[in-house]
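Computed from the coordinates by the stated procedures, all read-outs in this text should not be read as laboratory data. Computed from a predicted model, the values in this text were never measured in an experiment. A quick note on method: Cβ atoms are made from the backbone with ideal geometry, for glycine too, and the neighbour counts reach across all protein chains shown.
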Amino acid sequence: MADFHIGFDLGGTKMLAGVVGPDYQVLSKTKRKSQSQAGPEAVYEDIVATLKDALTQAGKTTKDIGAVGMSVPGILDRKKGTVVRTPNLGFYDFPLADRLKAEFGFPVVLENDVNAGTWGEFVAGAARGHEHILGVFPGTGIGGGLILNGRLYAGVGGNAGEIGHMILQVEGPLCGCGNRGCVEALASRTAMGKDAIGLIANGTLTGAYAENGADLKAISSKFFSQGLKEGNPHIIAIIDRAADLLGTHIGGCLNLLNPELVLIGGGLVEKLGDYYLKRVEKAMRASAWEFVAADAVVKAAILGDDAGLIGAADLACKAVEA
């Protein structure tokens, strides 16, 4: 079996590929913006180009690669190797694994993006040494991953862990998945951005905060970290509301799963740091049963982008060897 595998993290705003070697060493990393509005074929062509760049950067060829793990944000059919639906990328019943295998020749294994990120932290990051883990990754959307008894739990159809698409507010705002009131529609960075646009539109947020107007894509995690740093009360109120909603929801998940670790990663945690993490944890402990919350520790993910690459590559390796 080859010593090298590729991890690919396909996100709503960017895609990232890396060649992963022994001991989870990431040998190369290449990144592109995701052309989410350009249609699935444009996204696919960028995936191909990013994989080629990762191979070139690592000095490897397709013959050196044992398998590719593709972490994808959405609903997957692992047996068919198809992306059934991605709320933020426009894939519908897209035969991604077969097309990439035909293009490159190596096996391609599809995995949910947050499953991959949670697994990466489990084998090489902040979740090492824990056996029962709830991974929560708020960013463009909100994804979840479950590791139970030291094994990734995917459910009967392979799509378990979708914490972001549990409904918290009946008849709430429309989510990218088509439902209303999902946690993702209320507490993701996208939801926070929509709140900020409303404040820009009514003149509450002005100056540098309003320079991009109603361009949702321009409101990144950095936008909120700057507002937090400057003590802007309106932006802090948006952060607090989203953190409280997410923490409350995680508290309910604690009552269901009773994990020993809640692992929180993603762009919001990376940019907003302890302020956001502690706010989420406070709401979590307030809403979960006290004796269940007492069993859980909360940690921030530490691998950043590497978590998805390492996790996807390792899961692909294990799937091919099985």
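Counting other beta carbons within 10 Å of each residue's own, what order do K60, K79, K31 fall into, fewest first?
In order of increasing Cβ crowding within 10 Å: K79, K31, K60.
Going by how many other beta carbons lie within 10 Å of each one, how would you line up M70, M15, fewest first?
Result, fewest neighbours first: M15, M70.
Helix-derived [θ] at 222 nm for the chain: sum -39500 (n - 2.57) over DSSP H runs of at least 4, divide by residue count, nearest 500?
Helices in the chain give a 222 nm mean residue ellipticity of -13500 deg cm²/dmol.
Under a crude label model (7 Å from the Cα following the beta-carbon direction), how far is N212 from Y44 in nanometres?
Label at N212, label at Y44, 3.0 nm between them.
Cα-based Rg (one decimal) and Dmax (whole number) for the range 130-300, in Å?
Taking only Cα atoms of the range 130-300, I get Rg and Dmax of 16.2, 51 Å.
At q = 0.15, 0.25, 0.28, 0.30 Å⁻¹, what log₁₀ I(q)/I(0) does the range 196-260 have when each alpha carbon counts as one equal point scatterer in the Debye sum?
-0.55, -1.05, -1.23, -1.34
For the modelled label position 7 Å from the Cα of D295 along Cα-to-Cβ, which residues of the range 243-261 have backbone nitrogen atoms closer than 12 Å?
Residues 254-261 fall inside that zone.
Neighbouring Cβ atoms within 10 Å as the yardstick, rank H165, H5 fewest first.
Going from least to most buried by this count: H165, H5.
Regarding the range 1-101, what are the three Cα extents along the principal axes, ordered largest first, in Å?
That works out to 34, 28, 20 Å along the principal axes.
Could you tally up the Lys pairs in the range 182-322 with alpha carbons closer than 14 Å? Skip any pair fewer than 8 positions apart unless they're on separate chains.
Lysine pairs satisfying the spacing and distance rule in the range 182-322 number 5.
If you bin every alpha carbon distance in the chain into 20 Å steps from zero, what whole percent lands in each bin?
In whole percents, the pair-distance histogram is 34, 57, 9, 0.
Hey, any idea what Rg/Rh is for the range 244-294, computing Rh the Kirkwood way over Cα pairs?
For the range 244-294, the value is 0.97.
In 5 Å bins starting at zero, report the fraction of Cα pairs in the range 113-159 per bin as a rounded %.
6, 23, 35, 22, 11, 3
If you find the alpha carbon centre of the range 262-293 and of the range 49-97, how far apart are they in angstrom?
31 Å
Limiting things to C-alpha atoms, what are the Rg and the maximum Cα-Cα separation (Dmax) for the range 86-131, in angstroms?
That works out to 14.5, 38 Å for Rg and Dmax.
Among G158, S188, G213, whose Cα lies farthest out toward the positive end of the dipole of the chain, if unit charges sit on the beta carbon of Lys, Arg (+1) and Asp, Glu (-1)?
G213
Would you pull out the residues with amide H under 5 Å of I142's amide H, same chain only if 5 or more places away, H placed 1.01 Å from N?
Here nothing satisfies the definition.
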